[in-house]
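First comes the structure, then the notes that go with it.
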Amino acid sequence: MNLEKLKDTARKYEQKEDWRRAIDVYLKAIHEFESGKDQHPDLSLYNRVGDLYMKVNDTAAAVRSYERAADLYTEQGFLNNAIALCGKILRVNPSRTQIYFKLAQIHARKNMVVDAKRHLIEYLDRMNRSGQLDDAFQAVKVFAAQFSSNQEIRLMLI
């Protein structure tokens, strides 16, 4: 079945408020383009699936779907979409400490140093409070290496 037919079928289930079946069909559509069968991925489906998981009160699955979408949007250079999804994740589950680090990385890629710094500090603070300071310092080393050629980012890290 092609992607458009799967999406149409899922939308019909949504209209009937049969959220579980809609999720199943959307997941088949996602599998189609993840397996390489469809060359035109629709990244918005991850967001849609996350929203549907929220309707069936499966927050953990929703967050996983949103995170996958944020990662894919970041990989493809759609940084504003990735930022929006990270914000959605934090509204649903504010304890997702790694999202602050991801936001710092995305903002640094956009050369939005003030926002990158704010999220990096939040990440470090949360990691410190949870007793994971060593892991936090390792993440900062990775961050510094990623943006070593950016003078503003280097100054921020100092």
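Side notes on the structure shown:
- Normalised contact order of the stretch 5-155, rounded percent, pairs of Cα under 8 Å and 6 or more residues apart: 12 percent
- When shorter helices are ignored and each DSSP H run of at least 4 residues is given -39500 (n - 2.57), the per-residue value for the chain at 222 nm works out to -25000 deg cm²/dmol.
- Probe 1.4 Å, accessible area per residue of the stretch 57-128, Å²: 48 Å²
- Amide H partners (placed H, <5 Å) of D18, local residues excluded: none
- Of the residues F147, V114, L133, the one whose Cα sits farthest towards the positive end of the charge dipole of the stretch 88-149 is V114 (charges of +1 on Lys and Arg Cβ, -1 on Asp and Glu Cβ, taken about the Cα centre).
- When the Cα convex hull of the chain is projected onto planes of every orientation, the mean area is 10.2 nm².
- Across K102/K141; K28/K55; K7/K110, pairs whose alpha-carbon gap is larger than 21 Å: K7/K110
- Extreme residue, positive dipole direction of the stretch 15-79, given options F33, A61, F78 (C-beta unit charges): A61
- Angle in degrees between helix 44-55 and the longest Cα principal axis of the chain, rounded to the nearest 10: 80 degrees
- Lys, Arg +1 and Asp, Glu -1 on Cβ, resulting dipole of the chain about Cα centre, debye, nearest 20: 220 debye
- With every protein chain in place, the chain: carbon and sulfur % of accessible area (1.4 Å): 49 percent
- Taking 0.36 nm per residue of sequence separation and removing the Cα-Cα distance, the D8/N93 pair yields an extension gain of 27.6 nm.
- Here S130 and A60 are evaluated by their C-beta separation; at R0 = 25 Å the FRET efficiency comes out at 0.85.
- Computed from Cα positions, the angle between helix 97-109 and the longest principal axis of the chain comes to roughly 80 degrees.
The values are calculated or read from the model by the stated rules, or taken from the named source; none is laboratory data. All figures in this text were calculated on a predicted structure; none of them were measured in a lab. Cβ sites come from the backbone with ideal geometry, for glycine too, and all protein chains shown count toward neighbours. Accessible surface areas use protein heavy atoms only, side chains included; no ligands, DNA or RNA. Shrake-Rupley method; radii C 1.70, N 1.55, O 1.52, S 1.80 Å.
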